[in-house]
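S.K.: One structure coming up, written as structure tokens, with questions to follow.
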Amino acid sequence: MVKARIAVIGAGLMGHGIAQVFAMAGHELIITDSVSQNLDTVRARIAANLRDLGDDESAAERVKPLADLAAAVRDADYVVEAVSENLPLKQKLFAEIERHVRPDTILASNTSVIPITSIMQGLSRRERALGTHWWNPPFLVPLVEVIETQWSSPQAVAWTMQLHEAAGKKPAHVKKDVPGFIGNRLQHALWREAISLVERGICDAETVDAVVKASFGRRLAVLGPIENADQVGTDLTLAIHETVLPAIDSRPGPSPYLEKLVADGKLGFKSGEGFRKWTPEQQTALRTRVMQHLKGTRNM
Ligand SMILES: NC(=O)c1ccc[n+]([C@@H]2O[C@H](COP(=O)([O-])OP(=O)(O)OC[C@H]3O[C@@H](n4cnc5c(N)ncnc54)[C@H](O)[C@@H]3O)[C@@H](O)[C@H]2O)c1
């Protein structure tokens with residue numbers, strides 16, 4: 001793929017990692033942020049990640065921090081937004097971006113859960129707008145969900161898929177702009193039942209995680225649920241569903257157990273207790289274990 005001029009809006013956790021991936025793929029990057037300290041440190045953060053991964057640190061030099069939004073997007077072929085998860089902020093930002101870009105510049109949002117349709121509805125050229133949902137950390141988790149809205153042009157979707165594939169990512173085309181896209185719908189269907197098992201006293205929180213990690217979690221990176229269903233047989237899958245699905249939590253809203261944890265200030269790592277208690281050492285150990293695991297899957 002030809003090298004593109006890319007602008008990344010937001011130099012936080014996701015923005016700096018997205019910029020890193022495109023810089024490693026050889027693209028010229030401009031990154032902007034409303035907080036000057038985040039721009040001052042962005043190259044150093046990318047260089048530190050690259051050093052840690054054993055990658056070429058000089059790629060960080062292709063990332064140019066620029067405070068002025070208009071100048072950052074003016075010559076861009078592609079703009080990806082990774083600012084805070086706030087709908088009015090994102091709507092205002094894209095309206096501003098559209099005043100400065102070419103008519104054919106593709107505009108993407110990295111929102112986690114806000115419908116792309118809501119973010120992009122006010123644009124005058126909505127055919128060039130879509131979602132690109134990366135996963136943290138962007139340089140270690142391969143998936144990028146490319147979300148098409150009712151207005152997105154097939155050309156914009158195809159170009160964006162190719163951009164990410166050429167950068168070494170695994171883009172997945174989400175053909176309808178539904179809440180949670182694909183990955184988070186699947187993930188949170190599992191979390192709902194996980195929480196329900198604890199709530200109903202079937203097992204404790206540690207046991208839920210131990211069961212997942214010691215069983216189908218071991219296979220998930222190489223055996224997806226649909227492959228698995230075909231492997232065991234659709235007839236067996238049907239028989240299992242006839243027995244198990246009526247017993248599984250199907251309440252439409254969040255669990256009252258989860259709501260009580262939040263009301264009691266049991267917010268997880270940030271308060272030292274959520275479903276379980278977490279010392280700072282346990283938190284660091286878990287984060288380290290996840291990073292080590294993801295690094296080990298880089299060439300899968
Ligand atoms: N953290 C995750 O695991 C994750 C995963 C997938 C998607 N996302 C989504 O990515 C987006 C960014 O999340 P994050 O975790 O990187 O947040 P973050 O808080 O680390 O970074 C957001 C950055 O945006 C900057 N910003 C805020 N308003 C701005 C503006 N008007 N112009 C320019 N910069 C502005 C902030 O200064 C900050 O540096 C959110 O929409 C989030 O939902 C996050």
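The values are calculated or read from the model by the stated rules, or taken from the named source; none is laboratory data. Computed from a predicted model, the values in this text were never measured in an experiment. Positions of Cβ are backbone-derived with ideal geometry, glycine not excepted, and every protein chain shown enters the neighbour counts. Only protein heavy atoms, including side chains, enter the accessible area calculation; ligands, DNA and RNA are left aside. Shrake-Rupley method; radii C 1.70, N 1.55, O 1.52, S 1.80 Å.
S.K.: Does E98 count as out of contact with any Phe, Trp or Tyr (no Cβ under 9 Å at 6 or more places or on another chain) and more than 17 Å from W151 (Cβ to Cβ)?
M.R.: Working: out of contact with any Phe, Trp or Tyr (no Cβ under 9 Å at 6 or more places or on another chain): yes; more than 17 Å from W151 (Cβ to Cβ): no.
Against the criterion (out of contact with any Phe, Trp or Tyr (no Cβ under 9 Å at 6 or more places or on another chain) and more than 17 Å from W151 (Cβ to Cβ)), E98 does not qualify.
S.K.: If you don't mind, another one. Does G168 satisfy the criteria of being on the phi > 0 side of the Ramachandran plot, touching a residue at least 40 places away in the same chain (Cβ under 8 Å) and open to solvent by 50 Å² or more (accessible area, probe 1.4 Å)?
M.R.: Working: on the phi > 0 side of the Ramachandran plot: yes; touching a residue at least 40 places away in the same chain (Cβ under 8 Å): yes; open to solvent by 50 Å² or more (accessible area, probe 1.4 Å): yes.
Yes: the conditions hold for G168.
S.K.: Still on this structure, please answer the following. Can you work out which of the residues in region 112-121 that are part of a helix (DSSP H, G or I) and not aliphatic (A, V, I, L, M) is nearest to the ligand (Cβ to nearest atom)? Don't jump to the end; show me each part of the working.
M.R.: If we filter region 112-121 for residues that are part of a helix (DSSP H, G or I), which is where we start, we get 116-120.
If we keep only those that are not aliphatic (A, V, I, L, M) too, we end up with 117-118.
Details: T117: 15, S118: 13 Å.
Checked region 112-121; the qualifying residue nearest to the ligand (Cβ to nearest atom) is S118.
S.K.: Still on this structure, please answer the following. Failed condition for A172, given (1) assigned to a strand (DSSP E or B); (2) over 30 Å from R251 (Cβ atoms), with all others met?
M.R.: (2)
S.K.: Next question. Does S109 satisfy being touching a residue at least 12 places away in the same chain (Cβ under 8 Å), farther than 29 Å from E57 by Cα, within 16 Å of the ligand (Cβ to nearest atom) and of a type in the set (G, A, S)? Outline the logic, then answer.
M.R.: Numbers: touching a residue at least 12 places away in the same chain (Cβ under 8 Å): yes; farther than 29 Å from E57 by Cα: no; within 16 Å of the ligand (Cβ to nearest atom): yes; of a type in the set (G, A, S): yes.
So S109 fails the test.
S.K.: Now for a separate question. What's the total number of residues in region 37-60 that are more than 16 Å from the ligand (Cβ to nearest atom) and of a type in the set (D, E, K, R)? Spell out how you get there, then give the answer.
M.R.: Going through region 37-60, the residues more than 16 Å from the ligand (Cβ to nearest atom) turn out to be 47, 50-60.
Add one more test, that the residue is of a type in the set (D, E, K, R), and what stays is 51-52, 55-57.
Of the residues in region 37-60, 5 are more than 16 Å from the ligand (Cβ to nearest atom) and of a type in the set (D, E, K, R).
S.K.: I've got another one for you. Can you find a residue that is more than 10 Å from the ligand (Cβ to nearest atom), in contact (Cβ under 8 Å) with a residue 24 or more places away in the chain and at positive phi anywhere in region 15-36? Lay out the reasoning, then the answer.
M.R.: Filtering region 15-36 for residues more than 10 Å from the ligand (Cβ to nearest atom) gives 19-30.
Now drop any that are not in contact (Cβ under 8 Å) with a residue 24 or more places away in the chain, which leaves 19-30.
When the remaining residues are screened for being at positive phi, the result is 26.
Within region 15-36, one or more residues are more than 10 Å from the ligand (Cβ to nearest atom), in contact (Cβ under 8 Å) with a residue 24 or more places away in the chain and at positive phi.
S.K.: Would you point out which residue out of P88, P65 is farther than 26 Å from V2 by Cα, within 15 Å of the ligand (Cβ to nearest atom) and of a type outside the set (A, V, I, L, M)? Show your work before the answer.
M.R.: Values: P65 fails: farther than 26 Å from V2 by Cα.
The match here is P88.
S.K.: List the residue pairs whose Cβ atoms are under 7 Å apart, where the first residue sits in region 83-105 and is more than 22 Å from L39 (Cβ to Cβ), the second is at pLDDT below 95, and the two are 6 or more positions apart or on different chains.
M.R.: Going by the 7 Å Cβ cut-off, the qualifying pairs are L87/I114.
S.K.: Also: Would you list the helices (runs of 4 or more DSSP H) that sit entirely within region 1-94 and hold 3 or more residues that are in contact with a helix residue (DSSP H, G or I) (Cβ under 6 Å, 6 or more places away or on another chain) and buried (at least 17 other Cβ atoms within 10 Å of the Cβ)? Working first, answer last.
M.R.: Numbers: elements: 13-24, 36-40, 42-53, 69-73.
Output list reads 13-24, 42-53.
S.K.: Hey, among the residues in region 68-82 that are of a type outside the set (A, V, I, L, M, F, W, C) and without any contact (Cβ under 8 Å) to a residue 40 or more places away in the chain, which one's farthest from the ligand (Cβ to nearest atom)? Explain how you work it out, then say what you get.
M.R.: Taking region 68-82 as the starting set, the residues that turn out to be of a type outside the set (A, V, I, L, M, F, W, C) are 68, 74-75, 77-78, 81.
Restricting the remaining residues to those that are without any contact (Cβ under 8 Å) to a residue 40 or more places away in the chain gives 68, 74.
Values: D68: 11, R74: 16 Å.
Here the residue is R74.
S.K.: Here's a follow-up. Taking region 100-116, which residues are closer than 18 Å to R185 by Cα and open to solvent by 10 Å² or more (accessible area, probe 1.4 Å)?
M.R.: Passing the criteria: N110, S112, V113, I114, P115.
S.K.: Further, regarding this structure: For I119, all conditions in the list (1) over 16 Å from W151 (Cα atoms); (2) crowded, with 18+ Cβ neighbours inside 10 Å hold save one; what is the number of the exception?
M.R.: (1)
S.K.: Take the residues in region 122-146 that are within 14 Å of the ligand (Cβ to nearest atom) and not in a strand (DSSP E or B); name whichever of them is most open to solvent (accessible area, probe 1.4 Å).
M.R.: Pass one, region 122-146, residues within 14 Å of the ligand (Cβ to nearest atom): 131-146.
Those still in the list that are not in a strand (DSSP E or B) too: 135-142.
Working: W135: 53, N136: 84, P137: 13, P138: 1, F139: 35, L140: 10, V141: 29, P142: 60 Å².
Out of the qualifying residues, it is N136.
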